[in-house]
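Asker: Dropping the structure in here first, questions after.
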Amino acid sequence: MKKTYYLFNPGTLERKDNTLKFTPLEEDADGNELRCGTPRYLPVEDISEFYVFGSLKASSSLFNFLGQKDIAVHFFDYYENYTGSFMPRDSLLSGRMILAQTSAYQSKKKRLAIAKKFIEGAAFNMVKNLKYYNKRGKELDDLISQIESLAASAEESSNVQELMGLEGNIRICYYQAFDVILNDFQMEGRSKQPPKNEVNALISFGNMMCYSQCLRAIHQTQLNPTISYLHTPGERRYSLALDLSEIFKPIIVDRVIFKVLNKREIQAKHFDTKLNKCILNESGKKIFVKAIEEKLQETFKHRSLGRNVSFKHLIKLECYKLAKHLLEMEEYKPFKMYW
C-alpha cells in the first residue's frame, strides 16, 4: 500500500534515479542555508502524496516526475492554513462526466437534491458523534434534538442558499456540544482565520486535512473538483471537495479531536498562542497528524461491499457513488456511520 509522507522540516526534495531524496535544511544567523540532518531516500513507488508544512525547495523537473508518478503535494503555511496542492494531470477526466456534472448543477432541482444529501449525511454523522458521548453521561439530549429538527427541515428548503444557512445553524448547535464532550479544553464558539484557542486550532487544521483528502480522492475518479452543489463553484477553488468533506469531518476530524484531547495526547504545551491566534507547535502538529493518519488507515466492515475498507478508501467510494448518481445509474445516498 502506498504511503502518505509528511514533511515538517524545511528542506530540499529532489529526484535521485527512481527515488526521491529529502535533505533537511536550516538557516544560520546570516541567512545561509545549512544541511541539518541526514538525507532521507524515499522509493517513489511507495508514495501516494506529500503534506508539506515547512519551506520546501524543489525544481520543475521534480514536479514533472511527481506528475508522471501520480504523486500529489499539499502545502500548508506556518499558521497551518492550507495554501494549495500540486495535483497530477487529470488522466481520468471524462467528457461525459463533465457534461453530467454541469447538467446537474444547472438544474435547480437536481442541484438542490444533491446538496440536501450532503446536509443529510453531515447532520446524521454529527448526531452519531453526540449520541456516542450522550450514552457516556455527557447530557447532550437537547442539542441532539435541535440538530435532528434542523436536519429534518432541510427537506423544506427551496434553494441552496437556504440550505447553507441551515447548515450553519446545525454547525452552531453541534459545536456547542464540544464544550460538554471535552474534559480539559473549551471551544467557546467557532473562530477561524485566525483560530482563537486550542480547540478551534485543531478543527481548522483537521478540516483542511480532510479537504485535501477529499480533493485527492476526487482526482482519482472521473469527477471534476470545480463543479459542486452545496458550495457555490468559484474561481480557483475545488468546491466539490468542500461538499464531500462535510460528510467526513465529523467521523474523521472530530473523532480524532475528541480522542487526542480527552486522552491528553495533546495538551496545552503543544500549542503556541501569539498575535491573537492559536496554532499547534511542531510537536503538537506531529501528534495530531499521526492521529489523523491512523484514523484514515483504520478499517471497518463495509455493509454494501461485505469487506473491510479504510476511511481513506471510503472517501473514494463516496466519489464513485456520486458519479453513478450523476450518470443516472444509481441514486446517491451519503455515507452514514452505522456503529
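Asker: Looking at the structure I just gave you, is Lys295 under 30 Å from Lys116 (Cα atoms), in contact with a Pro (Cβ under 9 Å, 6 or more places away or on another chain) and modelled with pLDDT of 95 or more?
Answerer: no
Asker: Do you know which of the residues in the range 181-221 that are closer than 23 Å to Glu167 by Cα and of a type in the set (Phe, Trp, Tyr) is least open to solvent (accessible area, probe 1.4 Å)?
Answerer: That would be Phe205.
Asker: Also, quick follow-up: Residues that are open to solvent by 10 Å² or more (accessible area, probe 1.4 Å), among the basic types (Lys, Arg) and in contact with a Lys or Arg (Cβ under 9 Å, 6 or more places away or on another chain): does the range 62-70 have at least one?
Answerer: no
Asker: Regarding the range 259-268, can at least one residue be identified that is under 20 Å from Tyr51 (Cα atoms) and at pLDDT 95 or above?
Answerer: no
Asker: Step by step: first the residues of the range 37-61, then only those that are in contact (Cβ under 8 Å) with a residue 24 or more places away in the chain and open to solvent by 50 Å² or more (accessible area, probe 1.4 Å), then the one that is nearest to Leu7 (Cα to Cα). Which residue is that?
Answerer: It comes out as Ser55.
Asker: Just to verify a result, which residue in the range 1-44, among those that are out of contact with any helix residue (DSSP H, G or I) (no Cβ under 7 Å at 6 or more places or on another chain) and among the acidic types (Asp, Glu), is modelled with the lowest pLDDT?
Answerer: It comes out as Asp30.
Asker: Tell me, which strands (runs of 3 or more DSSP E) wholly within the range 222-316 include 2 or more residues that are surrounded by 20 or more Cβ atoms within 10 Å (Cβ to Cβ) and among the hydrophobic types (A, V, I, L, M, F, W, C)?
Answerer: In the range 222-316, the matching strands (runs of 3 or more DSSP E) lie at 277-280.
Asker: Another question, if that's okay. Residues that are free of Cβ contacts under 8 Å to residues at least 60 places away in the same chain, surrounded by fewer than 16 Cβ atoms within 10 Å (Cβ to Cβ) and assigned to a helix (DSSP H, G or I): does the range 127-135 have at least one?
Answerer: For the range 127-135, residues free of Cβ contacts under 8 Å to residues at least 60 places away in the same chain, surrounded by fewer than 16 Cβ atoms within 10 Å (Cβ to Cβ) and assigned to a helix (DSSP H, G or I): present.
Asker: Further, regarding this structure: How about the range 94-126: which of its residues are open to solvent by less than 30 Å² (accessible area, probe 1.4 Å), of a type outside the set (S, T, N, Q) and either over 21 Å from Asn159 (Cα atoms) or free of Cβ contacts under 8 Å to residues at least 24 places away in the same chain (or both)?
Answerer: Met97, Met126
Asker: Is it the case that some residue within the range 148-164 is at pLDDT 95 or above, within 30 Å of Phe271 (Cα to Cα) and either touching a strand residue (DSSP E or B) at 6+ places or on another chain (Cβ under 7 Å) or open to solvent by less than 70 Å² (accessible area, probe 1.4 Å) (or both)?
Answerer: Scanning the range 148-164, I find no residue that is at pLDDT 95 or above, within 30 Å of Phe271 (Cα to Cα) and either touching a strand residue (DSSP E or B) at 6+ places or on another chain (Cβ under 7 Å) or open to solvent by less than 70 Å² (accessible area, probe 1.4 Å) (or both), so the answer is no.
Asker: Enumerate the helices (runs of 4 or more DSSP H) found wholly within the range 142-221, keeping only those where 1 or more residues are touching a His at 6+ places or on another chain (Cβ under 7 Å) and under 21 Å from Lys290 (Cα atoms).
Answerer: 198-219
The values are calculated or read from the model by the stated rules, or taken from the named source; none is laboratory data. All values derive from a computational prediction rather than experimental measurement. Don't worry about glycine lacking a Cβ; one is built from the backbone with ideal geometry, like all the others, and counts go over all protein chains shown. Areas reflect the complete protein model, heavy atoms only, side chains present, ligands, DNA and RNA absent. Shrake-Rupley method; radii C 1.70, N 1.55, O 1.52, S 1.80 Å.
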